[in-house]
Every structure is written in structure tokens, then in C-alpha cells.
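This report refers to the structure that appears directly beneath it.
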Amino acid sequence: MAGRKSIRIVKSRAILTISSKTYSAWSLRGWLLCQLAALDVEEQRVERSAADRAELLLLSPSVLVPRLTHEGASVWDTLAIAEYLNELYPEAQMLPADRIARAHCRSISGEIHSGFAAMRSALPMNLKVRHERFPVFSGARPDIERIETIWQECLGKYGGPYLFGESPTIADAMYAPVTTRFRTYAVKPSGPSDAYCDTIEAWEPMRVWQAGAEAEAEDFEELEVEF
């Protein structure tokens with residue numbers, strides 16, 4: 001019997017609208033999701049003036065960042081992008097194969113998507129700065145502790161080095177900006193969580209994004225809240 005003919009899947013080019021690589025956690029998440037799907041994207045940056053920076057910070061619906069434009073579809077919101085790509089490219093295995101693990105992955109991804117407002121406010125993403133020490137607002141401590149609990153439960157249950165085992169998933173894309181916050185503001189998590197931050201820092205897509213942030217022109221002032 002003749003062997004199966006290999007099928008080469010060709011993915012059409014897409015456009016990902018992002019904002020600052022230095023400050024925008026949501027842009028980073030959207031871009032990482034495209035990397036997980038191995039989708040070739042053209043980055044299109046939203047240029048904002050000082051006069052309307054406030055609109056960007058409030059994530060106004062008119063901004064729609066990040067936004068994925070692909071084959072007639074326009075998809076914004078990071079979880080919507082994640083589900084769109086997972087549906088389109090199941091071979092990328094952006095979610096765990098096991099049903100229970102898959103539900104777990106979706107749950108913790110949803111939690112970071114909608115929660116942890118105190119930590120977001122106290123520790124805004126800034127990839128160009130690393131403080132040797134930083135006074136963390138006490139209101140952010142429960143958020144930090146909850147995130148560590150999530151990481152440790154996943155790493156213990158699925159074996160690491162990523163949250164759901166040997167390969168990164170949607171959850172890692174969603175939590176990657178948190179690892180940068182911990183590094184920026186000298187938040188020292190416990191052993192397994194610290195090792196996870198190292199894993200994400202060494203992840204090739206993160207290294208590429210970090211290099212892009214370092215090369216980015218300073219046309220945004222340093223911001224005090226996440227966008």
C-alpha cells in the first residue's frame with residue numbers, strides 16, 4: 001500500500017494591529033498567540049498622539065488593539081484571537097489535548113484576561129526597565145499570590161517547564177506579560193514560579209519581542225497603567 005501523501009498547509013499572511021512593544025501587554029499577548037499558531041503576520045502599529053493617549057489607555061472600542069485581520073475576518077480581544085486561531089489551526093495544539101487540561105487552560109486564561117486589576121495598576125508593563133527593588137502596593141499582593149498559586153498548580157500537575165507541559169499553550173501567551181512585570185519590579189516569586197519566569201524569558205518569541213521593544217522609539221511617555 002502506498003504511503004500517505006504529505007500535505008503542506010500554507011497559511012495566508014495576516015495583519016496584526018498592535019501598539020507599543022514596550023508597554024502594551026495586550027499587544028504582546030496577541031502577537032504570541034499568532035506565534036503559537038505559526039501564522040505569518042505583518043505588524044501594523046497604531047500611532048497615537050499625546051492628545052488621545054487617554055483613549056488608548058482606556059482600551060476604547062475605537063482602538064481595537066490587538067486586532068487580527070485575516071482572510072476577511074477582523075478579530076480583536078486576545079481570547080477571541082486565541083479561539084479563532086485554535087479553531088483555524090488545530091494542528092498548532094494551542095490548547096492541551098486532554099479535555100480536563102483543556103478546560104483548566106481556558107479557565108486560567110480567562111482569569112488573567114478579566115482579573116488582577118490591582119496588579120495591573122501597581123506593576124504596569126515596561127520592558128525597558130528593571131528595578132533592583134520596588135515598593136509593591138499592598139493591594140496588589142493578593143493578585144501576585146493568586147498568580148503564583150496558578151503557576152505552581154499547573155507546573156506541579158503538568159510537569160513544566162510551561163504551564164501545561166513541555167510545549168507552550170494559550171495560557172503561556174496570556175501570562176507572559178506577568179513574568180515581565182515580576183522581572184521589571186523585582187518581584188521574587190518562589191522556586192517553581194521563578195523557574196517559570198526564566199522559561200518564558202528564554203522562549204524565542206519573547207526574545208524577539210524584547211528586542212523589538214528595545215529598538216522601539218520613545219514616542220510614548222512611560223505609562224502608569226497598562227494598555
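Where a number appears in this text, it was derived from the coordinates with a stated rule and is not lab data. Just so it is clear, the model here is predicted, and its values are computed rather than measured. Note that each Cβ is placed from the backbone with ideal geometry, even for glycine, and that neighbours are counted across all protein chains shown.
The set of residues from the range 196-205 being exposed (fewer than 14 other Cβ atoms within 10 Å of the Cβ) and of a type in the set (A, V, I, L, M) comprises just one member, A202. Kindly evaluate D143 against the criterion of being acidic (D, E) and more than 21 Å from G30 (Cα to Cα). Yes.
Between R130, R141, the distinction of being out of contact with any Asp or Glu (no Cβ under 9 Å at 6 or more places or on another chain) and part of a loop (DSSP other than H, G, I, E, B) belongs to R130 only.
Do we find that Y162 is touching a Gly at 6+ places or on another chain (Cβ under 9 Å) and not hydrophobic (A, V, I, L, M, F, W, C) in this structure? Here the answer is no, as Y162 does not meet what is asked. Residues in the range 128-156 that are charged (D, E, K, R) and either on the phi > 0 side of the Ramachandran plot or touching a residue at least 12 places away in the same chain (Cβ under 8 Å) (or both): K128, R130, E132, R133, D143, R146, E148.
Taking the criterion of being part of a loop (DSSP other than H, G, I, E, B) and either surrounded by fewer than 14 Cβ atoms within 10 Å (Cβ to Cβ) or of a type in the set (K, R) (or both), the only residue of the range 102-127 that qualifies is G115.
The set of residues in the range 160-208 that are within 24 Å of A37 (Cβ to Cβ), over 11 Å from the mean Cα position of the chain (by Cα) and among the aromatic types (F, W, Y) comprises Y162, F164, Y196, W203. Which ones in the range 138-195 are surrounded by fewer than 21 Cβ atoms within 10 Å (Cβ to Cβ) and of a type in the set (A, V, I, L, M)? Selection gives A140, I150, A186, A195.
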